[in-house]
Amino acid sequence: MLDKRVLNNKVSMEMSPEDQKHWFSCRDNAFLHNIDTFYYSVKFRNDFRLKTDDKRVQRLRRYFKLKYDSLADNDTDAADVYLPELGKYLVLRPVTFSRFYTACLSYPEYFDIFFAPVVPKAADGGESVTCECIVQLRSYMLWTMGPRDAFENSYGYVKQIASYFGLEIDFVQENRVDYCWHSNYLKDPEKFFSPDSFYKMRVDRFKNATYVTNKVGTDDYEIDYVALGKRSDKIFVRIYQKTREVIEQNYKPWFFLVWQMNGLISRYDKWVYERCFEKRNWFYRYYARLEFYLEHGTDPVTLRKVRRLLEGTDTIEEDYLIRLADELTPKLNYVVNVEYQTMRRHSKSYDLVPFKDNSNKGECKRVYDYLDNRKLITDYLTERVFKMVEKTGDVKKYRRPYCGFWEALRRTRCLDMRMTPEAVKLVRNYNRKLNVESMKKRVIDSAVTLSIYQNGLNEQNPMQDCMDALMQMNDNDMVKAMAYKIKKSRQFNQDELAETYEELEHARFQVLDVENGTLYDHNTLNNIKAQGGKLYYNDDSPSG
């Protein structure tokens, strides 16, 4: 049964019950929990201090120096590193991370491995207590593989690198872990998190809260972000609009599908958010809702009115646009994220319960024990560090029962978000499709803007704008573009983009050289490469 909030609008009333269920069904008060960011540290038995006599460490330093010299000679900022035993490439790039970590070996979208070629001495001048390697597991890997499999996958690379240089691993431990809860529970986050309401419900030891609000229309606002503590603290809590973050930062669009698969948003919500993502504009959701009515509504008078607004024939004030969107379509389900960022300085004091015998995990025992204690850790965080209770009751606020939102959050199951191969492929293809559409729009918009800069305000066909932009490329542009493509390719995951995008439209256009009549189709252009400021075919014959 769909609630009145979904059905009390024009497009719902004009739909059949089957269409209503198809577009607007989702779970009420749904929560989804996962570890969203996971850093772990690797300590080696080798001496990484500045004046070390360890030949293996010296070899590692020489390797990184030669690679960095090569980057400078080739005027690039990254290089490929091949691991033959895994049959995989990592991307090496210089960084500055937490002072000592100056080399990063990255498997894009999955994980980053940071190395400190030199670590400081201990306070007494003895062996260093600083871990020489830190690994960051990224959200995409954690949400598709689950924390345990993601750790094991990335640690296989660490062991291969250590084996290559002959380094001995001493121990592995958690460094930073972010626990998150995504939820559609709050239908009116602004009211729930308003300062008067929030301060009556929060129970914690943080001194104050940081708010970020955004104007909506002339009278209303929305709370985008609430933070407790500082990012540098042992524990940092933040609550924010995850849907808005994905759209405005224009990354992780695969969350839309994950949320819809788990019932946090409906197909209608996802439809609207996809269009906002393409525009990279959070406010565009009101226009997207009108677009939804234009596609699914039936009233001819309203359709004509909406069409004129979307085409720009009629103008509309912001307040009226919001009211019209609410009149014609359901309000959206917003996904709010509650997140605890926990640092090693805090988690090292945890008295972990040995639920399983992980002694056979060797140097990784601490990490497996830590993951086994996840439920106890989240129970502690959501009760003793920060919690939300009823606004009234016991004079001692910490003794009041949890408010409904917090009680539901604490009941959320701590499952490993390990997707099936079929689900992973679905998410991968969806992520790629949305990024393709977003990038295609950006390219076309840029070509149109270039035409206006060059030709002034004009009514030239956008197809001609795109062709003009392409035809203006010269040899130098091609060389720079090829260098950029090589650089950009290292920022993407080779497994995620191993094949051609399946839904790519067949190219119906070709390029004609009007001077000599040469016709370049897609295959011919693909065989041209750039070298030394000139263009050549792959058979090394000049391209003319």
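None of the figures in this text is laboratory data; all of them are computed from the coordinates on show. Since the structure is predicted, the reported quantities are computational estimates derived from the model, not experimental observations. FYI the Cβ positions are ideal-geometry reconstructions off the backbone, even for glycines, and counts take in every protein chain you see.
Side notes on the structure shown:
- Cβ crowding within 10 Å, taken as a proxy for footprinting-reagent exposure, orders 182, 22 from fewest neighbours to most as 22, 182.
- Over the chain, the hull volume per residue, using the convex hull of the C-alpha atoms, is 212 Å³.
- Exposure proxy ranking for 359, 12, based on other Cβ atoms within 10 angstrom of each Cβ and starting from the fewest, stands as 359, 12.
- The overall shape of the stretch 37-175 is oblate: from the C-alpha gyration tensor, with semi-axes ordered a ≥ b ≥ c, the ratio a/c is 1.5 or greater and a/b is no larger than b/c.
- Ranked 388, 141, 467, criterion: other C-beta atoms within 10 Å, fewest first: 467, 141, 388
- Cross-link pairs beyond the 24 Å C-alpha cut-off, checked among 191/252; 348/397; 191/242; 242/387: 191/252; 348/397
- For residue 170, nonlocal amide neighbours, meaning residues 5 or more places apart or on other chains whose placed amide H falls under 5 Å from its own, are 43, 44, 45.
- By average C-beta atoms within 10 angstrom, highest first, the peptides 456-463, 103-110: 103-110, 456-463
- Mean Kyte hydropathy of -1.0 or more with a Cα span along the axis of at least 30 Å, helices from DSSP in the chain: 421-455
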